[in-house]
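Note sheet for the following structure.
The values are calculated or read from the model by the stated rules, or taken from the named source; none is laboratory data. Here the structure is a predicted model, which means the values were calculated and not measured. Ideal geometry is used to build each Cβ from the backbone, glycine not excepted, and the neighbour counts take in all protein chains shown. The accessibility values were calculated without ligands, DNA or RNA, using every heavy atom of the protein model including side chains. Shrake-Rupley method; radii C 1.70, N 1.55, O 1.52, S 1.80 Å.
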Amino acid sequence: MNTSGLLPLFVIAAVLVIVSTVCSPRLRGQIVFPFANLVLLAWMMPNLIGLTILFIFIGVSYGFARLMVDRAYLSLVPSITILIFIFAYFKKYPVIELLPFSELIPSIVGLAYILIRSLQVIIDYHQYPLAVKLTFWRFINFLLAWPTLLSGPIMSYQDFCLQWDLVSQQNTEGEELYLGFSRAIWGLISVIIFADIFRRIFDVYYSQLVFLTNIEFNKIGNVSKDSFLFNGGLPEQFFIGIGLSPEITDAFVINLAVCTISYLLYLYFNFAGYTSIVIGLGRMCGWSIPENFNYPWASRNALDLWSRWHITLANWFRTYVFNGLMKFFLRRWQAPAQTPYFAVAAFFITFFLVGIWHGPTLNFVLCGLALGVSVSVNKLWQIKCIQWFGKKKYDIISSNRIYRFVSSGFAIAFFSFSVIPFWMGIQDMAHINTILGLQVLLKAGILAVIFFTLTSSLAMTIEKSLEGLCDCKFSPFIPGLGFGLAIIYAILFSGGIGEFVYQRF
């Protein structure tokens, strides 16, 4: 089956919206919605084996959730452990992939998000009896809901059930259809136009980065790429005769800096655009899907960044990992004075797990380490500043515009380097480190800090004016024009509807 591009989602969603507007609410909620879930799932699954494995995983998850409903308290830790082990086996994490038949398991789209939604149900039912009844029909539709199957946004089981009941009882108003359509068009423009522009910039500078690396190793044409790299890029002949910088270090610095900046911008417009699409389409069908981005370029620091970027994922890990770690530390070591330092450790572990949750390779271990370092160092910095200056004076310093801009620039720049393992293989990183060591990384980091400081200052300045932009009641001509521009751009320049990068995880 085809798992590349957004075309399957567009086709299914378009049919769903049309059907939803003409059928009764009950039919829309109880028949049309589950059918759309199955159609998208069948389209996205690689083969029958993948589909079978997915339903086995869902069945096991439901069994553990039923144990929690029946108040089998002692089964929580074993249930979570077994489910995570099964997930790691299906995703082929190191060591576990050595178990029999691992090589027969295909890549299963959306399994990482199905895992955390399953864990949410299991943990919540263990902690307290929920007012929402657990049934297999509701559970499976919750896990396979078409707007959130590929990458969220992550909705709780309680909210899903309440909204499903509402969708089955009332029609979508005309204004909601229009606002949902406008939001989806903005997402389409972000994915097809803005994300594609930054992808092209990345391709050019990444090709040059690889070229420079291979010159030093005298391996032109033998490029190490992993599954996350783009298949595009410029041909080798492009670089013949253009000459290189007199200082090879400067060439590396510029290319690495532009790669990290352009890839993060590509990732943002691709991911946030996709999120806007599903939020808009869901709204047209009566669903209120939670927001996943809130002007991340206006983040004050690394901690604030994660209240603005992939919000639902960060909230999930904060609720079910960070809070659990803090409770454990406080019970194990009853030392109130050390509580802030417990938070430093808990933040590091939490965001390290965020990194390795994305995938089983060493790339994601490095990503997790970088994410953990960024938030834990940020928390430690806050603790020390309060000790040095006092909370009142630190609040004054933090509110200073220059401090906020620079702090934001550091946070976003560090984040852009944290996701380098998304697009550069371990061997390529080792080559660059061998050639020039950490000096390239530090100089490129300075350029990224300068760029994102300027970006952040602009974002913070216009943040208030941007709020609610997608909900403005423009003339119907505006979203229609945006849709036309996006399609024309896709045909003339990008060559297709576009790929959603996060479906790979």
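Based on the Kirkwood approach, the hydrodynamic radius assigned to the range 313-388 is 12.9 Å, with every pair of different Cα atoms included.
For the range 345-469, the relative contact order is 26 percent, taking Cα pairs closer than 8 Å that sit 6 or more residues apart in sequence and dividing their mean separation by the residue count.
The amide H of residue 293, built 1.01 Å from its N in the peptide plane, has 311 as neighbours under 5 Å, considering only residues 5 or more places off or on other chains.
Treating r as the C-beta distance of residue 341 and residue 461 and R0 as 45 Å, the FRET efficiency rounds to 0.80.
Extending 7 Å from Cα along the Cβ direction at residue 35 and again at residue 66 yields two label points whose distance is 2.9 nm.
Once the C-beta distance of residue 170 and residue 136 is scaled by a Förster radius of 22 Å, the resulting FRET efficiency is 0.30 to the nearest 0.05.
Calculated accessible area for the range 384-444 comes out at 53 Å² per residue, all protein chains present (probe 1.4 Å; ligands, DNA, RNA ignored). As a fraction of the 1.4 Å probe accessible area of the range 264-396, surface on carbon and sulfur atoms comes out at 67 percent.
Separation of the alpha carbons by more than 29 angstrom is noted, of 91/384; 384/443; 379/443; 327/443, for 91/384; 327/443.
The apolar share of the surface of the range 28-181, taken as the fraction of accessible area on carbon and sulfur atoms (1.4 Å probe, ligands and nucleic acids excluded), comes to 72 percent.
With contacts taken as Cα pairs under 8 Å and at least 6 residues apart, the range 344-383 reaches a relative contact order of 49 percent. When the charge dipole of the range 72-211 is built from unit charges on Cβ atoms (+1 for Lys and Arg, -1 for Asp and Glu) and taken about the Cα centre, the candidate among 94, 178, 125 whose Cα reaches farthest toward its positive end is 94. Extension gain, residue 384-residue 27: 0.36 nm per intervening residue step, less the Cα-Cα distance, totals 122.7 nm. Measuring from a point 7 Å past the Cα of residue 485 along Cα-to-C-beta, which residues in the range 259-294 have an amide N at less than 13 Å? From the range 259-294, the list is empty. Classify the range 342-424 as rounded, prolate or oblate, taking a ≥ b ≥ c as the square roots of the eigenvalues of its Cα gyration tensor: rounded when a/c is under 1.5, otherwise prolate if a/b is larger than b/c and oblate if not. Oblate shape, in that a/c is at least 1.5 and b/c is the bigger or equal ratio. In loop segments of the range 142-212 as defined by DSSP, the GluC sites (Glu not before Pro) with at most 13 further C-beta atoms inside 10 Å of their C-beta are 173. What FRET efficiency comes out for residue 450 versus residue 178 if R0 is 35 angstrom and r is the Cβ-Cβ distance? Round to the nearest 0.05. After rounding, the FRET efficiency stands at 0.25. The range 428-460 and the range 339-363 have Cα centres separated by 22 Å.
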